[in-house]
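This report concerns only the one structure given below.
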Amino acid sequence: MVLGGLALGIGAGIAVERALVGRDLRREDPEAGEQFGELRGAPAAVTSHDGTELEIEDFGSGPCLVFSHGFSLNQDAWHYQRRDLPAEFRCVFFDQRGHGRSGRPVGHDFSLDAFAGDLRAVLDWTGEDRVVVVAHSLGGMAALKLAELWPEELRTRIVGLVLVDSTYADALKGMSAAVTARGALTVQRAAIKTAFKFFGADPVRANQLRRRGSDLGYLGTRLFGFGSNPSPSQVAFIDRVLASTDIEVWARVFPSLIDFDLSEVLEGLDVPTLVAVGDKDRLTPVTSARHMAEKIGGARLVVLEDAGHNAFLEEYEALNAEITAFAREVLGPVRRGRRRRSSARAPKLAGGEGISIRRIRGS
């Protein structure tokens, strides 16, 4: 009888989840016609520093933007940037190691150093002398790590940096704080670490659990990835992309997202920087974005209202406009193909010294 009651309770819980997801999917959705994940550029591949094969797609022509996606996503997540920005720019997208169509490292190296090395390999592949890097979440952390390991790149080749919903230190702290009272942060962190150890120790069972919880996965994606009224199609798309990344990769990448601190890198960044964040981002919150913008000289902070961790999807029109204006500003005045001397100071953004903050109301 106890087992029967337990089974009935589980069945009822699943039914509730499905009802909630079904109701959400039936909401009015202006993005329902988008062909998410189907835009393809010119394919290429590059061998990174440790032999890992990275999948690249190249769109458009003109001044170059290189896009670096976040944890458990792939390059397709930049759907609206792939769709709209190649009209004016050469846009290079790649899959992080172990994500999308890129290979896994033979030595299982998923450190921030490795991700930074991959970004550098892609920059080498472009053949460009002047590039703006647009990086989301983990991609932003890797870009900051690149600045630490190879600071000369930000005095020569990388002439602009766009950090979207990213952070400079311990992403787990932001994740835990978003859902937990301050006094229980240690317990929350321990529980998440234990879960990821389980994922790594028994990836087959972990994948089975994830498939069983697909409705719960959608609800979790909506909660942690978006604002209060997201497009159901966008949520479903990101949920599919997240689920496509092998759980073993989750377990191996996870240690790179905790117990790191790139605070010292921020004040040394001598490159124009745009920091963008959704004000409902529960993973890399506004406080982190504001701190980065305050520490990076001349940085501009854009806060996208009622957008979550995937603000590049939710508020793509506003963010694309910001990226376009920023790229024109830092790439336009200098003749393409010439490197700036390493001793030259990076140009400051319009608005002078100090942090420039702009809040953009959601559409």
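The values are calculated or read from the model by the stated rules, or taken from the named source; none is laboratory data. Remember, predicted model here, so these are calculated numbers, not experimental data. Cβ placement follows ideal geometry from the backbone for every residue including glycine, while neighbour counts extend to all protein chains displayed.
If the condition is being under 14 Å from ASN310 (Cα atoms) and among the acidic types (Asp, Glu), then segment 36-82 contributes only ASP76. Once segment 63-89 is narrowed to residues that are of a type in the set (Phe, Trp, Tyr) and over 21 Å from ARG130 (Cβ atoms), the residue that is modelled with the highest pLDDT is TYR80. Of the residues screened, ARG300 is one that is more than 18 Å from the chain's Cα centre (by Cα), basic (Lys, Arg), modelled with pLDDT of 95 or more and within 30 Å of ASN229 (Cα to Cα).
Residue-by-condition table, conditions (1) in a loop (DSSP other than H, G, I, E, B); (2) free of Cβ contacts under 8 Å to residues at least 12 places away in the same chain; (3) at positive phi; (4) more than 18 Å from the chain's Cα centre (by Cα):
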position	(1), (2), (3), (4)
ASP76	no, no, no, no
TYR80	no, no, no, no
ARG104	yes, no, no, yes
ALA114	no, no, no, no
GLY117	no, no, no, no
GLU148	no, no, no, yes
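Only a single criterion out of (1) in contact with a Ser or Thr (Cβ under 6 Å, 6 or more places away or on another chain); (2) modelled with pLDDT of 95 or more is not satisfied by ARG339, namely (2). When the test is whether a residue is surrounded by 18 or more Cβ atoms within 10 Å (Cβ to Cβ) and at pLDDT below 95, VAL92 does not pass it. For segment 185-199, check the following and say yes or no: at least one residue is surrounded by 16 or more Cβ atoms within 10 Å (Cβ to Cβ), out of contact with any Phe, Trp or Tyr (no Cβ under 6 Å at 6 or more places or on another chain), under 22 Å from GLN96 (Cα atoms) and modelled with pLDDT of 50 or more. The answer is no, given that none of the residues of segment 185-199 is surrounded by 16 or more Cβ atoms within 10 Å (Cβ to Cβ), out of contact with any Phe, Trp or Tyr (no Cβ under 6 Å at 6 or more places or on another chain), under 22 Å from GLN96 (Cα atoms) and modelled with pLDDT of 50 or more. Residues considered: GLY98, GLY60, GLY51. Of these, the only one that is modelled with pLDDT of 95 or more, in contact with a Pro (Cβ under 8 Å, 6 or more places away or on another chain), exposed (fewer than 14 other Cβ atoms within 10 Å of the Cβ) and over 19 Å from VAL162 (Cα atoms) is GLY51.
Residue by residue, here is whether (1) modelled with pLDDT under 85; (2) among the aliphatic types (A, V, I, L, M); (3) in contact with a Gly (Cβ under 6 Å, 6 or more places away or on another chain) holds:
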position	(1), (2), (3)
LEU209	yes, yes, no
LEU223	no, yes, no
PRO232	no, no, no
LEU242	no, yes, no
VAL253	no, yes, no
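Going residue by residue through segment 128-136, is there one that turns out to be out of contact with any strand residue (DSSP E or B) (no Cβ under 6 Å at 6 or more places or on another chain) and not charged (D, E, K, R)? No, the conditions are met nowhere in segment 128-136. The set of residues in segment 218-231 that are in a helix (DSSP H, G or I) and either surrounded by 18 or more Cβ atoms within 10 Å (Cβ to Cβ) or out of contact with any Lys or Arg (no Cβ under 6 Å at 6 or more places or on another chain) (or both) comprises TYR218, LEU219, GLY220, THR221, ARG222, LEU223, GLY225.
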